[in-house]
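Visitor: I have a structure I would like to understand better, so I am pasting it below and will then ask my questions one at a time.
The values are calculated or read from the model by the stated rules, or taken from the named source; none is laboratory data. The structure displayed is predicted, hence computed values, not measured ones. All Cβ positions, glycine included, derive from the backbone under ideal geometry; neighbour counts span all protein chains shown. Only protein heavy atoms, including side chains, enter the accessible area calculation; ligands, DNA and RNA are left aside. Shrake-Rupley method; radii C 1.70, N 1.55, O 1.52, S 1.80 Å.
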Amino acid sequence: MAEPQETVLTFHVPPGYREDERLDVYLTQCIANATRSKVQRGLKEGRVRVNDRVVRKPSHTVQAGDVLVCTLPKPPPVEAQPEAIPLDIRYEDDDLLIVNKPAGMVVHPAYGHRSGTLVNALLHHVGAGTLHVDDLEEDDDPNLGLSTVNAAPAYADSPTIRPGLVHRLDKGTSGLLVVAKHDAAHAHLARQFYHHTVHRRYLALVWGVPDPPTGTVDTHLGRDPRDRKRMAVVPEGRGKHAITHFETVEVFRHLALLRFRLETGRTHQIRVHARHQRHPVFGDATYDGRRILAGPTLGSRKGFIKNLLAALPRQALHAHTLGFVHPTTGQELRVEAELPDDFAYVLDRLRTVEPV
């Protein structure tokens, strides 16, 4: 039996290095898409050599001039397989489809999510076979039944294959997505997103009640310098311009239901802008929404909020309305998706227990 292939990475610690970081911390920063737990596991397996000596202790101190050699298992092939996952399709024709994505579903394959994604479900829905990265070469036409514009991974060994996807929703966000079935439809839809003419409305439950009840958040968004997995409001010139409009739909004692309209489509845009306004999205673990931020924190109310958070184990954010000009007919197409059960349940409980 052939031995599994491996990848060897070598890192030279610069002479001026004076941080004295732990080995697991240093390597997590060096290796693309690594997590600290995976690095620690590799250390325990003897996959790391420091100055030609195997080091298994995650707490080993990195020093200037060290040569770190890591032996990594070769990742699985970059591909997406069709999977018979049910889809809630709200509109479909020969050019596109609109799907109501459930919360918890990842949109495309990624590290830690190579199966069970919307892309896997879409490939099955259109009757396509397994999509390999080699099928997405510039001169090839795999005839998938899904567009291949920007479908290839952005860099070597990335598992991200995105056939048909014109835009995305976060894993924990439910609601409407448009999917292009061929490249011409994709290009037409992408132009509408670029020119901000797509009609997108989101509903979100947030902590506190905005005052004034309507407004616009206009900032720049970039990676949070303290946590690269989060986004943050950053100075102009260090991020992308982001504009979000909001209006209050319903008010409770210490929370509010808001409707958001996006002019731009940046990563985590609504969630970051809501937190920036000191009204984080209810249930949002990444942006401080899973603790009581308004109202009493003791007694029966603490138990009440805890029960709501248990019923809604994700951010209370739903892509409610999606509208655009159809790429072939030229007609305006608009679709709405009702709130999912978990979101609707939380609203019903708030109307009963914490009405204004």
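Visitor: Carbon-plus-sulfur fraction of the accessible area of segment 169-245, 1.4 Å probe, in percent? Please report the intermediate quantities before stating the final value.
Guide: On the way: 1930 of 3790 Å².
Looking at segment 169-245 in its full context, I get 51 percent from C and S.
Visitor: On alpha-carbon atoms, Rg over Rh for segment 72-112 using Kirkwood Rh?
Guide: Checking Rg against Rh, the ratio lands at 1.08.
Visitor: Express the carbon and sulfur contribution to the solvent-accessible surface of segment 8-69 as a percent, rounded to the nearest whole number, probe 1.4 angstrom.
Guide: Accessible surface attributable to carbon and sulfur in segment 8-69 totals 48 percent.
Visitor: Any chance you could list P(r) for the chain, counting all Cα-Cα pairs in 10 angstrom bins from zero, rounded to whole %?
Guide: Histogram of Cα-Cα distances, whole percents per bin: 5, 20, 26, 25, 17, 7, 1.
Visitor: Which residue, 282, 11, 260, has the most motion in a Gaussian network model of the chain that connects Cα atoms within less than 10 Å?
Guide: Its mean-square fluctuation being the largest, the pick is 11.
Visitor: With the radius of gyration and the Kirkwood radius both derived from the Cα set of segment 305-354, what is their ratio Rg to Rh?
Guide: Ratio value, two decimals: 1.23.
Visitor: Probe radius 1.4 Å, ligands and nucleic acids ignored: give me the carbon and sulfur share of the accessible area of segment 248-356 as a rounded percent.
Guide: That fraction is 47 percent.
Visitor: What aspartates and glutamates sit close enough to residue 57 to cross-link, taking a C-alpha to C-alpha distance under 17 Å and skipping anything fewer than 8 places away on the same chain?
Guide: 20, 21, 24, 45, 66
Visitor: Which three extents, in angstrom, do the Cα atoms of segment 217-356 have along their principal axes, listed largest first?
Guide: 54, 41, 23
Visitor: Normalised radius of gyration for segment 1-97, please: alpha carbon Rg relative to 2.2 N^0.38 Å, two decimal places. Don't skip to the answer; put the middle values down first.
Guide: Numbers: Rg = 20.2 Å, N = 97, 2.2 N^0.38 = 12.5 Å.
This ratio for segment 1-97 stands at 1.61.
Visitor: What is the local net charge at residue 107, summed over the other residues whose Cβ is closer than 9 Å to its Cβ (Lys, Arg +1; Asp, Glu -1)?
Guide: Charge balance near residue 107 sits at +3.
Visitor: I would also like to ask the following. At q = 0.18, 0.27, 0.30 Å⁻¹, what base-10 log of I(q)/I(0) does the Debye formula yield for segment 167-231 when every alpha carbon is treated as an equal point scatterer in vacuo?
Guide: Reported log10 I(q)/I(0), two decimals: -1.08, -1.22, -1.24.
Visitor: Going through the cross-link list 171/240; 101/171; 74/229; 171/229, which pairs have a Cα-Cα distance over 18 Å in this structure?
Guide: 171/240; 74/229
Visitor: Same structure, new question: Given the options 83, 263, 19, state which has the largest fluctuation in a GNM of the chain using a 10 Å cut-off (strictly under) for Cα springs.
Guide: Most flexible of the set in this elastic network: 19.
Visitor: Hey, another quick one. For the pair residue 49 and residue 211, what calculated FRET efficiency results from E = 1/(1 + (r/R0)^6), where r is the Cβ-Cβ distance and R0 = 56 Å, to the nearest 0.05?
Guide: After rounding to 0.05, the efficiency reads 0.40.
Visitor: Solvent-accessible area per residue for segment 38-104 at a 1.4 Å probe radius, Å²?
Guide: Each residue of segment 38-104 exposes 54 Å² on average to a 1.4 Å probe.
Visitor: Using Cα pairs under 8 angstrom and six or more residues apart, how large is the relative contact order of the chain, in percent?
Guide: The normalised contact order for the chain reaches 13 percent.
Visitor: Something else about it: Pull out the extension gain between residue 277 and residue 37, defined as 0.36 nm times the separation in residues minus the alpha carbon to alpha carbon distance; nm, one decimal.
Guide: Length gained between residue 277 and residue 37: 83.0 nm.
Visitor: What is segment 254-356's relative contact order, in percent, from Cα pairs under 8 angstrom and six or more apart in sequence?
Guide: Values: 80 pairs, mean separation 19.2, N = 103.
Relative contact order here is 19 percent.
Visitor: Over the chain, with a Gaussian network built from C-alpha contacts below 10 Å, which listed residue (91, 17, 194) shows the highest mean-square fluctuation?
Guide: In the Gaussian network model the winner is 17.
Visitor: Where does the chain land at 222 nm, in deg cm²/dmol rounded to the nearest 500, when only DSSP H runs of n ≥ 4 count, each adding -39500 (n - 2.57), divided by all residues? Intermediate values should be presented prior to the final figure.
Guide: Details: 7 runs with 71 residues, N = 356.
When only DSSP H runs of four or more count, the value is -6000 deg cm²/dmol.
Visitor: Counting heavy atoms of the protein chains only and a 1.4 Å probe, report the per residue accessible area for segment 299-344 as a whole number of Å².
Guide: Dividing the accessible area of segment 299-344 by its residue count gives 47 Å².
Visitor: Tell me, what is the per residue accessible area of segment 105-251 in Å², probe radius 1.4 Å?
Guide: With the other protein chains kept in place, segment 105-251 gives 48 Å² per residue.
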